[in-house]
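What follows is one structure encoded as structure tokens, with my remarks underneath.
The values are calculated or read from the model by the stated rules, or taken from the named source; none is laboratory data. These figures come from a predicted structure and were not determined experimentally. FYI the Cβ positions are ideal-geometry reconstructions off the backbone, even for glycines, and counts take in every protein chain you see.
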Ligand code: URA
């Protein structure tokens with residue numbers, strides 16, 4: 001890892017401030033002052049800032065209440081991303097485990113652990129995702145049965161896996177799916193002649209969006225939440 005990234009990961013410094021601290025000679029690696037931000041740091045190196053030894057944190061597991069209008073990406077040159085909402089200490093290390101569309105809100109998981117995110121996103125792992133779906137029209141009984149049995153999405157040859165539908169109000173349902181195809185929920189509803197007006201993810205596996213999180217807020221997962229994703 002580069003020295004400036006090491007600092008941004010192990011302290012509250014931004015990458016820019018980390019570079020400044022390095023240039024000013026405040027950082028030592030294995031006892032020697034290093035003034036070059038792109039110095040590569042070995043995993044077992046002792047890195048000090050102003051004489052205090054720094055430690056890289058362990059793996060990161062975060063839930064966020066993704067706001068509307070934010071894209072599920074680590075970086076983008078023109079649009080705000082979910083990762084931009086995290087402090088540099090977390091933002092420099094995480095990726096998104098299961099993207100949401102720009103206009104979809106709710107539970108987004110971010111982690112530094114590639115194996116863990118694979119369990120969340122792999123279609124072979126059967127990790128259910130539950131969405132609150134605001135519909136343009138009430139869901140007919142026929143459409144409900146189709147969603148629960150499996151529907152053929154436009155331009156695809158394989159029907160969706162059986163889903164679970166809970167009717168919440170005339171035009172609001174909770175839909176649980178076990179796959180993550182492109183725009184899957186919107187396309188499933190289009191396939192049964194309806195239209196999604198709003199989409200909010202409530203749950204991934206056993207992990208439920210914390211109601212205390214306002215849009216844009218995040219928190220680290222508890223031990224139980226993180227362990228609920230079986231490896
Ligand atoms: N299905 C969609 O259509 N959009 C999302 O953001 C998530 C699931």
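None of 98, 106 is within 30 Å of residue 197 (Cα to Cα) and crowded, with 18+ Cβ neighbours inside 10 Å except 106. Each residue in region 56-74 was checked for being touching a residue at least 60 places away in the same chain (Cβ under 8 Å), part of a loop (DSSP other than H, G, I, E, B) and more than 16 Å from the ligand (Cβ to nearest atom), and 1 of them qualify. Evaluate region 76-98: report whether one residue or more is over 21 Å from residue 219 (Cβ atoms), part of a loop (DSSP other than H, G, I, E, B) and within 16 Å of the ligand (Cβ to nearest atom). Yes, region 76-98 contains at least one residue that is over 21 Å from residue 219 (Cβ atoms), part of a loop (DSSP other than H, G, I, E, B) and within 16 Å of the ligand (Cβ to nearest atom). Of all the numbered requirements in (1) modelled with pLDDT of 90 or more; (2) closer than 25 Å to residue 222 by Cα; (3) touching a strand residue (DSSP E or B) at 6+ places or on another chain (Cβ under 7 Å), residue 54 misses one, and that requirement is (1). Does any residue of region 202-224 turn out to be outside any loop (DSSP other than H, G, I, E, B) and within 12 Å of the ligand (Cβ to nearest atom)? Taking every residue of region 202-224 in turn, at least one turns out to be outside any loop (DSSP other than H, G, I, E, B) and within 12 Å of the ligand (Cβ to nearest atom).
Quick one: would you say residue 106 is touching a residue at least 12 places away in the same chain (Cβ under 8 Å) and part of a loop (DSSP other than H, G, I, E, B)? So residue 106 does not fit the description; no.
If we scan region 181-200, do we find a residue that is more than 13 Å from the ligand (Cβ to nearest atom), part of a loop (DSSP other than H, G, I, E, B) and in contact (Cβ under 8 Å) with a residue 40 or more places away in the chain? Within region 181-200, one or more residues are more than 13 Å from the ligand (Cβ to nearest atom), part of a loop (DSSP other than H, G, I, E, B) and in contact (Cβ under 8 Å) with a residue 40 or more places away in the chain. Checking each residue in region 99-149 for being under 23 Å from residue 212 (Cβ atoms), more than 12 Å from the ligand (Cβ to nearest atom) and under 13 Å from the mean Cα position of the chain (by Cα) picks out 109, 110, 111, 120.
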